[in-house]
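K.L.:
First the structure, which I've put down as structure tokens, then a few questions once you've had a look.
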């Protein structure tokens, strides 16, 4: 394999635009040619999760038209990867050709850290980052994609990093996509606990691989006036 | 307390729960205790993972031939002189039991813990008929004294501390206040004993119904299920159609996983095998035994290929204990006898449209799926129900702000088909909100993002303006947060 496709996701494009370049940099340093998937914008998860299946189908069609099923598709997000890799199987594509294409694309879709550790078999990327870092595992990455070790293995290989533990780190931050604005009171209560635990951890930076979590946790830290930043995993792994 | 009058109550009730830090503290410590006990017994005896797989396979098989198993069970129970009644709906089940109690001249009903009786709202109906109903499970007894429904399917009084219970007993029984669990339990026990001895009608639920032998299995820890099913002259067991398992040899697998996941025990203290009324020569047991088998939406669930899996649930409550939403709002907020993740997937079918919001009230974090002893894929079922609700002819009426958020998401999804247009709009949005951003975050946003900034700041959009490469380290001090 010498070429991969990179889909940076809509939230990253809009709110964390450095994620695309950082992800591409990491992949290029491993000798891979990176093709950016720019003719698609969103995997359709936001529509799918809300029950708007025809809109989700339209976006899935668009996404699939943009990719080449013969080449790995790297997505720097646990939840978007889950959407494509797992939940595209639940979308009622109306023709056999699309169903077959979805079946071909799904196993080619990898979350960034999983691709690095499981496919490329690397853990040390020559990254350097100074500071106390807390890793926040995103729910979909852990529980739909079953990747608990990969991000930690990669972070442990970063020079200068000091990893700190957040109590109950596997508990959801309360983002949940539209859940965050439909049920702000519940989302906020969950976030508030998360912020307290992050503050107790002594972290200077919270790292996650999902922009949804970064928006939620970053927004909570900013509202609380905490001097703690949020960064995407790719940014840390690309830092030198 | 099975059905709430207004569907939108969920929003008000969950808001109250989310603001109740005392409640959250109690739920957190109770859940942590549960999980700790579970971890201790998880791998004792047979390997737990094998048991999960076996139990699921048995349930899968049973659901595939539920009709024939129910016939087999009914025949066996009838052979043992039980009277079996099929109830298509909650109303039918409730009316049958109330009528039976009235005809028997029942005055004092004692109940073992049963969520299915909550589902059919049995207690208020019996009370309206002038019959006294006493919950005999300690937790149920406590919430009944408070005039509340249970807030957890295994631990009904999980929302109360020992101090709360001490005060309750002090107030209701005029005994001196004590928060000591042993003393409180002794007090309840003395009172419950008297009630058992004068009870003339007993009701319990059923954990497993073995088709092969016509045996109903009721597990419990206090002996109250045994007394409720053996002391009164007339005994009624109420069960959903999904409780049936094929063979006696299937049972141990379920006893193992249920005790472990529900209460962190190796085995429950009492495992009751109920086969029929008192036979000639028996020293005790009821004179009459009735078994009410209820559908109430279950066969419709069975015919839905995604929802079907939810009928494998053994009601262990583990998903409630790990659910961050449940732990932040408490069981009462769900306005259903079945709260938490499992409640969110079964309530719309078993309780009705007042619970249509529950599948949406989840972050889809999947902690429930991880812990479920029979591997029910709860997030996938939640997604399925969201789609069904959204495409139904009468979708639930959303509060204004939530409706607007959903409409906004739908609009976004439609526009996102055209990447150039959506990117252009993204750039415009970034320019418009830039003046309001401070250190990269915005404190107050207009609808449909107003609800976002109610509880946290919003990230200033900056498409096409990435932080400089290799600045991640430096920007901890200088960049936007």
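Every number here is computed from the coordinates shown, using simple stated rules; none is lab data. Treat the numbers as computed from the prediction; the structure is a model and nothing was measured. Because the Cβ atoms are built from the backbone with ideal geometry, glycine has one as well, and the counts that use them run over all protein chains shown.
K.L.:
What FRET efficiency, computed as 1/(1 + (r/R0)^6) with R0 = 30 Å and r the Cβ-Cβ distance, is obtained for residue B:353 and residue B:129, rounded to the nearest 0.05?
P.N.:
After rounding to 0.05, the efficiency reads 0.60.
K.L.:
Contact order normalised by length for chain B, with contacts defined as Cα pairs under 8 Å and 6 or more residues apart; what percent is it?
P.N.:
Relative contact order of chain B: 19 percent.
K.L.:
Modelled label-to-label distance, residue A:168 and residue A:226, 7 Å Cα→beta-carbon offset: nm?
P.N.:
With each label point 7 Å from Cα toward Cβ, the separation is 1.4 nm.
K.L.:
Mind checking the log10 I(q)/I(0) for the protein assembly as shown at q = 0.10, 0.11 Å⁻¹? Debye, one equal scatterer per Cα, no solvent, two decimals.
P.N.:
Each listed q maps to, in turn, -0.98, -1.14.
K.L.:
Rank the residues B:204, B:355, B:74 as a footprinting-exposure proxy: fewest other Cβ atoms within 10 Å of their Cβ go first.
P.N.:
B:74, B:355, B:204
K.L.:
Can I ask one more? Take every DSSP beta bridge whose two residues both sit in the protein assembly as shown, then give the antiparallel share in percent to the nearest 5.
P.N.:
The antiparallel proportion sits near 20 percent.
K.L.:
On to the next question. What does the helix-only formula give at 222 nm for chain B: each DSSP H stretch with n ≥ 4 adding -39500 (n - 2.57), the total divided by the residues, and the result rounded to the nearest 500 deg cm²/dmol?
P.N.:
Counting only the DSSP helices, I get -14000 deg cm²/dmol.
K.L.:
A follow-up question, please. Once you average over the residues of B:414-422, how many Cβ atoms of partner chains fall within 10 Å of each Cβ?
P.N.:
The shielding value for this peptide is 6.
K.L.:
Take the alpha carbon gyration tensor of chain A, find the square roots of its eigenvalues, order them as a ≥ b ≥ c, and report rounded if a/c is under 1.5; if not, report prolate when a/b exceeds b/c, else oblate.
P.N.:
oblate
K.L.:
How are the Cα pair distances of chain B distributed, in percent, across 10 Å bins from 0?
P.N.:
That works out to 4, 17, 27, 24, 14, 8, 5, 2, 0, in percent per bin.
K.L.:
Order these by the 10 Å Cβ neighbour count, fewest first: A:90, B:280, A:168.
P.N.:
B:280, A:168, A:90
K.L.:
Other chains' Cβ within 10 Å of A:215-225 residues: what's the mean?
P.N.:
Mean shielding count: 5.
K.L.:
Report relative contact order for the stretch B:232-287 in percent, whole number only (criteria: Cα-Cα under 8 Å, sequence separation at least 6).
P.N.:
39 percent
K.L.:
Another question about this same structure. Can you give the relative contact order of the stretch B:38-183 as a percent, counting alpha carbon pairs under 8 Å and 6+ residues apart?
P.N.:
12 percent
K.L.:
May I pose another question? Helix A:211-223 sits at what angle to the longest principal axis of chain A, using alpha carbons and giving 0 to 90 degrees rounded to 10?
P.N.:
30 degrees
K.L.:
Let me ask another. Assuming R0 = 25 Å, what is the FRET efficiency of residue B:284 and residue B:190, from their Cβ-Cβ distance, to the nearest 0.05?
P.N.:
Once the sixth-power term is evaluated, E becomes 0.70.
K.L.:
Quick one: if the Förster radius is 41 Å, what FRET efficiency do residue A:159 and residue B:428 give, using the C-beta to C-beta distance and rounding to 0.05?
P.N.:
For residue A:159 and residue B:428, the calculated efficiency is 0.50.
K.L.:
Right, another one. Which part of the stretch A:53-79 falls in the paramagnetic zone of residue A:2, meaning amide N under 16 Å from the point 7 Å along Cα-to-beta-carbon?
P.N.:
Correct set: A:71-72.
K.L.:
What list do you get for B:452, B:398 if you sort them by fewest beta carbons within 10 Å?
P.N.:
Ordered from fewest to most neighbouring Cβ atoms within 10 Å, B:452, B:398 come out as B:398, B:452.
K.L.:
Helix B:66-79: angle to the longest alpha-carbon principal axis of chain B, degrees 0 to 90, nearest 10?
P.N.:
Roughly 20 degrees, rounded to the nearest 10.
K.L.:
Hey, rough spin-label estimate for residue A:36 and residue B:444, points 7 angstrom out along Cα→Cβ, what's it come to in nanometres?
P.N.:
Roughly 3.7 nm, to one decimal.
K.L.:
Continuing with this model, one more query. State log₁₀ I(q)/I(0) for the stretch B:218-336 at q = 0.18, 0.19, 0.20 Å⁻¹ as given by the Debye formula over alpha-carbon point scatterers of equal weight, solvent excluded.
P.N.:
After summing over all Cα pairs, the log10 values are -1.23, -1.29, -1.34.
K.L.:
Can you classify the stretch B:258-303 as rounded, prolate or oblate using the Cα gyration tensor, where a ≥ b ≥ c are the square roots of its eigenvalues, rounded means a/c under 1.5, and otherwise it's prolate if a/b beats b/c and oblate if not?
P.N.:
oblate
K.L.:
Roughly how many nanometres apart are two label points built 7 Å out from the Cα toward the Cβ at residue B:198 and residue B:88?
P.N.:
In this crude label model, residue B:198 to residue B:88 measures out at 4.1 nm.
K.L.:
Roughly what angle does helix A:184-201 make with the longest principal axis of chain A, taking Cα atoms, 0 to 90 degrees, to the nearest 10?
P.N.:
The answer is roughly 50 degrees.
K.L.:
Further, regarding this structure: Given 0.36 nm per residue, what is the gain on full extension from residue A:200 to residue A:28 after removing their alpha carbon distance, in nm?
P.N.:
Extra length available between residue A:200 and residue A:28 comes to 58.2 nm.
K.L.:
Using only helices, what value at 222 nm comes out for chain A when you add -39,500 (n - 2.57) per DSSP H run of length 4 or more and divide by the total residues, to the nearest 500 deg cm²/dmol?
P.N.:
-12500 deg cm²/dmol
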